[in-house]
Amino acid sequence: MSYRVLTVCTGNICRSPMAEYALRAAAREAGLEDRVEVASAGTTGWEEGNPVDPRAGALLARHGLDASAHRARAIDAQELAEADLVLALDHDHVEPLRRLGGADLAGRLHMVRDFAPAPVEDTGIRDPWYGDESDFETVWEQIQESVPGILDRIREDLGVRGAR
């Protein structure tokens, strides 16, 4: 069975798909694609069934990532329970995840920016939906900054206890 990573934002059309595709590509480049599954979901069903935001899709395409098959969905309790690593994109995602996952999330729920190479003052990644392309670039940079640390965590978890 694979090690499961779940990225979570509000509607699952901007931040969490950007993190999903970035982590999936990084896992592939690190030779972990056969051991690591990456998915994304939203804390709400507001955007359920919608494709990735066009601005996020364009940014991903500029980085060689095709998110055209993505469809937004809300997280469910079973998927949350089965995830080895749950990555919230902003602070307002943490409490809905804790309500859904309970004490079982201890040690598995983190902010994406918890894995930045140096401590950051604010670990939240703000919603770019209300902004312009530069806001999407900022989100991408914040995610990319954290990817190596997230991969280190995944490698550590795989090495210590193997995939679930």
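Given I125, I150, which one is among the aliphatic types (A, V, I, L, M), in a helix (DSSP H, G or I) and touching a residue at least 24 places away in the same chain (Cβ under 8 Å)? Spell out the reasoning first.
Values: I125 fails: in a helix (DSSP H, G or I).
Every option except I150 fails the conditions.
For A22, are the conditions met, namely being under 29 Å from V120 (Cα atoms) and of a type in the set (A, V, I, L, M)? Working first, answer last.
On the way: under 29 Å from V120 (Cα atoms): yes; of a type in the set (A, V, I, L, M): yes.
For A22, the condition - under 29 Å from V120 (Cα atoms) and of a type in the set (A, V, I, L, M) - is met.
Is it true that some residue in the stretch 143-159 is closer than 23 Å to L32 by Cβ and at pLDDT below 95?
Let us first name the residues in the stretch 143-159 that are closer than 23 Å to L32 by Cβ, namely 143-159.
After this cut, where a residue has to be at pLDDT below 95 as well, the list is 159.
Yes; the residues of the stretch 143-159 include at least one that is closer than 23 Å to L32 by Cβ and at pLDDT below 95.
The values are calculated or read from the model by the stated rules, or taken from the named source; none is laboratory data. In this text, all values refer to a predicted model and were calculated from it rather than measured experimentally. All Cβ positions, glycine included, derive from the backbone under ideal geometry; neighbour counts span all protein chains shown.
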